[in-house]
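Working notes, structure below.
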Amino acid sequence: MNCEQCEEQVFELIEREAVDPAGVREILDRCPNCRVLFDEMKAALVAVDQLPLEDPPTRIDADILRAAMMRRGKVKPIRKRALQAPPWAMAAVALLAVGIGVWAIPRDTKLATEDEVVAPVAESDQNVVAAPKPATAPAKLDEAMSAKAKPTSPLERARRAEPIAKTPVKPSVARRERAPAKRKARRSSARQLEAAGPPPTETVGVGAEAMDMAEAPAEEVGAADAARAVVSPAAEEGAKAEADDSELACKKTIGSFEERRRGDADFRPGPEQQLALGRCYAKLGDEKRARTWLERAAAHAKTRTRAQAALKELTTGGAR
Amino acid sequence: MRERVVSDPADEDLLGAYRAGENGAFETLLIRYRRPLFNFLLRSVRDRGRAEELYQDVWMRVIERCDEFRGDAKFSTWLYTIARNRCVDHQRKMVFRRHASLDATAPGSAQTLGERVPNPGPSTDRLAMRGALQIRIAEEVEQLPEDQREVFLLRQVQGLAFKEIAEIVGVSANTVKSRMRYALERLQNGLSDLEEHVRELEPQKHEL
């Protein structure tokens, strides 16, 4: 133990002396300075040990005891901590609930919504109409159509057409729709399919130019009546006349396709046309052909979901 | 300083029992700490009347706040922390309070204020009981600097460990030891003229 340590532990040494006097003496014998400090501190402690200790007045003690006895055990209010979760936890639970709710929405419903949204425009384009219009989106589309009934230039028409094309649920579809090459190809094939059908009239604002406006929904569904046949319960339950119109449209679609094929043996319909044909055949009760075309459509990423849904519907309908 | 028997219940247990409604536990605590606490306060504020007020106040705070005692420190540490804080508050008040000079004569009177007020010094009983040496030691202790005095009193009157004193005072244990050493050196110097009396007292103490 050096002097510094001795100085720090002088009180411990004084206490230790009572139990180990030889050990303490040995330490202090090494350094006279440490011994001086030790003796001084020890003497001072002896001196101050005579410090008088006084007692507090007993009346004060009595008062204190009385106050202590009067104190009632404080019953802490029960905190409903379990029910009072922190705000972040509440927010997390709310988000989780919303997430589960979104996840729990049936896929079929979603598909039906998409198809219902785009159907009316396709109908107006093809002048086939007759599907019952869903409450919200179609009304907006009608307004858009009427407001833009007289486009002044192709550019303006294209600009006006875009919002309508975006109206369907999937923005990715709308983006794809803007690709000019694909648009051209689809337009030509749609014209081929519709060659046999009634020509679009000016009254509904369609024709060669109006194709741009109806293109997106047409691409989305191909044959709106087929969509109604597959997913729209309102069409099934609707007026018989509407159903007849729908079947008529399907017959025309199939007729134009077969005619086209007779003229060109190598003609291969695109995915949307395959889907439309599948739906039309399903509508007309030709399950075998419907399945063939729908399976072909299901092979394409673009129409896979809808084709699979139609196939499912076909299977379900067949089972019934 | 009263030696505690090992089998005595711990202070913390007594406080817990009191909180549970056992008033006798509080009485035990009061008996255990009344004398050292009062003397700590008395030597700190150097005024018996003030010391009595503070003594009562400290115990009242213990009663009021005993539910807040969490047991992560010793009861003695908690008690003396309250006492020390009360002393610090008192010292602050005294610093800002203006006192009339005891040496100044009052208007219309030949006597100084100090001559007219009752003698605040030790009573006759006290002098007779403990003797001049004890009074002198007490005076020397009261003249210690504040930081040294509180350490000295906590160590000497209550017998707290340096570590515990460090917690109460809010400095390191080594600082506490240094303050204790300085306090003893100062007391030793102040009482040097009484060394013979001290030596005379020493054997008597051992005989006891």
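The values are calculated or read from the model by the stated rules, or taken from the named source; none is laboratory data. All values reported here derive from a predicted model rather than from experimental measurement. For neighbour counting, all protein chains shown are included, and Cβ atoms are generated from backbone atoms with ideal geometry for every residue, glycine included.
On the stretch given as segment B:43-65, residues that are part of a helix (DSSP H, G or I) and more than 19 Å from A:Ala62 (Cα to Cα) total 4. Do we have any residue at all in segment A:78-86 that's surrounded by 11 or more Cβ atoms within 10 Å (Cβ to Cβ), at pLDDT below 85 and more than 7 Å from chain B (Cβ to nearest Cβ)? Within segment A:78-86, one or more residues are surrounded by 11 or more Cβ atoms within 10 Å (Cβ to Cβ), at pLDDT below 85 and more than 7 Å from chain B (Cβ to nearest Cβ). In segment B:14-28, which residue that is among the hydrophobic types (A, V, I, L, M, F, W, C) and at the interface with another protein chain (Cβ under 9 Å from one of its Cβ atoms) is surrounded by the fewest Cβ atoms within 10 Å (Cβ to Cβ)? Step by step, filter segment B:14-28, then rank; the result is B:Ala20.
Considering segment A:38-48, the residues that are surrounded by fewer than 19 Cβ atoms within 10 Å (Cβ to Cβ) and more than 7 Å from chain B (Cβ to nearest Cβ) include one that is farthest from B:Leu153 (Cα to Cα), namely A:Asp39.
Which residues, taken from segment B:43-52, are free of Cβ contacts under 8 Å to residues at least 60 places away in the same chain and within 9 Å of chain A (Cβ to nearest Cβ)?
B:Ala51, B:Glu52, listed by residue number.
Restricted to segment B:128-159, and to residues there that are within 10 Å of another protein chain (Cβ to nearest Cβ) and surrounded by fewer than 21 Cβ atoms within 10 Å (Cβ to Cβ), the residue that is modelled with the highest pLDDT is B:Glu140. Checking the stated criteria, B:Leu187 turns out not to satisfy the condition of being away from chain A (no Cβ under 12 Å), in contact (Cβ under 8 Å) with a residue 24 or more places away in the chain and not in a loop (DSSP other than H, G, I, E, B).
Of the helices (runs of 4 or more DSSP H) lying entirely inside segment A:220-304, those carrying at least 1 residues that are at pLDDT below 80 are A:224-231, A:233-237, A:240-263. The residues listed here are B:Glu164, B:Glu207, B:Glu195; of these, the one that is at pLDDT below 90 and either within 11 Å of chain A (Cβ to nearest Cβ) or touching a helix residue (DSSP H, G or I) at 6+ places or on another chain (Cβ under 8 Å) (or both) is B:Glu195.
Is it true that some residue in segment A:92-102 is closer than 28 Å to B:Gln158 by Cβ, at pLDDT 85 or above and surrounded by 10 or more Cβ atoms within 10 Å (Cβ to Cβ)? Checking segment A:92-102: not a single residue is closer than 28 Å to B:Gln158 by Cβ, at pLDDT 85 or above and surrounded by 10 or more Cβ atoms within 10 Å (Cβ to Cβ).
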